[in-house]
Amino acid sequence: MPDTVAIRRATLDDLPQILERWSELIAHHQSVHPDLFVLAPHARGTYGAFLRTQMANRSSLVLVASLGVPLGTHGVRLIDGFLSGAFGQRAPHFVERDVGMIFDVAVRPEARGHGIGQQLVAEAERIFSKRGIKWLQADYAPSNDSAARFWQADGLKPLLVGGYRPVSKR
Ligand SMILES: CC(C)(COP(=O)(O)OP(=O)(O)OC[C@H]1O[C@@H](n2cnc3c(N)ncnc32)[C@H](O)[C@@H]1OP(=O)(O)O)[C@@H](O)C(=O)NCCC(=O)NCCS
């Protein structure tokens, strides 16, 4: 039987726990790419402010998930995972412009492998779909093995590939 995962929109009370999940996400990125994921001293505050803005914005979504327990309206339970995203638009010269964007999905290391990530994406998809969105968009680093496998299992197909390299002195 699949694990029970309770999902709801985040409230301000959830912020400290979401920031814990975000710290774990960043730690994971740092383990894959130590150079490009070093945090500025103000990072936690800056990301917290970004989340607050997202929670107040109707064109954004921040979802929280908890394994095996019903979530109350406020964030008193252990939050095992979160997802942030937004309704987005591609360039005006495309016919297919509206997309549901997923910025971050992170699950507490001890709670991974129970379908939380998958169900967070399914809930975001349900919300996007209710607003007529037909396409989901997310970025991941191919070198981030768990993220690459997660998104491949989800059915996401890479469209554009970007990259970084140091600028050489010429
Ligand atoms: C990627 C992440 C969000 C997945 O969350 P999760 O709750 O563990 O994922 P799920 O249990 O919903 O997995 C769904 C499917 O994805 C695939 N998958 C997920 N993690 C995997 C892994 N480590 N290895 C192989 N496949 C994996 C599987 O096919 C899985 O289905 P299955 O268990 O039926 O085989 C989680 O590993 C995480 O927080 N990683 C660190 C942060 C990160 O990299 N986030 C993504 C940034 S874009």
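The values are calculated or read from the model by the stated rules, or taken from the named source; none is laboratory data. Keep in mind that this is a model prediction, so the values were computed, not measured. Reconstructed Cβ throughout: ideal geometry from the backbone, glycine too, with neighbour counts over all protein chains shown.
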- Message: Scan segment 140-150 and tell me whether some residue there is over 22 Å from Phe37 (Cβ atoms) and at pLDDT 95 or above.
- Response: no
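Out of everything in segment 1-20 that is assigned to a helix (DSSP H, G or I) and charged (D, E, K, R), what residue ends up being farthest from the ligand (Cβ to nearest atom)? It would help to see each step written out before you state the result.
Applying the first criterion (assigned to a helix (DSSP H, G or I)) to segment 1-20 yields 12-20.
From the residues that got through so far, the ones that are charged (D, E, K, R) too are 13-14, 20.
Working: Asp13: 22, Asp14: 17, Glu20: 12 Å.
Top of the filtered list is Asp13.
Looking at the structure I just gave you, is Ile79 part of a helix (DSSP H, G or I), surrounded by 14 or more Cβ atoms within 10 Å (Cβ to Cβ), of a type in the set (Val, Ile, Thr) and in contact (Cβ under 8 Å) with a residue 60 or more places away in the chain?
Spelling it out, it is not the case that Ile79 is part of a helix (DSSP H, G or I), surrounded by 14 or more Cβ atoms within 10 Å (Cβ to Cβ), of a type in the set (Val, Ile, Thr) and in contact (Cβ under 8 Å) with a residue 60 or more places away in the chain.
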- Taking the stated definitions as given, is Arg131 under 20 Å from Arg58 (Cβ atoms) and either more than 10 Å from the ligand (Cβ to nearest atom) or polar (S, T, N, Q) (or both)? yes
- Residue selected from segment 21-64 under the condition more than 21 Å from Leu136 (Cβ to Cβ), of a type in the set (S, T, N, Q) and away from the ligand (no atom under 15 Å from the Cβ), by the criterion surrounded by the most Cβ atoms within 10 Å (Cβ to Cβ): Thr46
- Query: Just one of Ala138, Ala124 is of a type in the set (A, V, I, L, M), on the phi < 0 side of the Ramachandran plot and near the ligand (Cβ under 10 Å from one of its atoms); which is it?
  - Reply: Ala138
- Over segment 120-170, the set of residues assigned to a helix (DSSP H, G or I) and loosely packed, with under 15 Cβ neighbours inside 10 Å is Ala122, Arg126, Ser129, Lys130, Asp145, Ser146, Arg149, Gln152, Ala153
- Message: Name the residue that is farthest from Phe50 (Cα to Cα), counting only residues in segment 82-115 that are of a type in the set (A, V, I, L, M) and in a loop (DSSP other than H, G, I, E, B).
- Response: Val95
- Message: Residues that are at pLDDT 95 or above, more than 26 Å from Thr4 (Cβ to Cβ), over 18 Å from the mean Cα position of the chain (by Cα) and surrounded by 11 or more Cβ atoms within 10 Å (Cβ to Cβ): does segment 93-107 have at least one?
- Response: yes
- Determine whether segment 77-87 contains at least one residue that is farther than 18 Å from His28 by Cα, at pLDDT below 95 and away from the ligand (no atom under 15 Å from the Cβ). yes
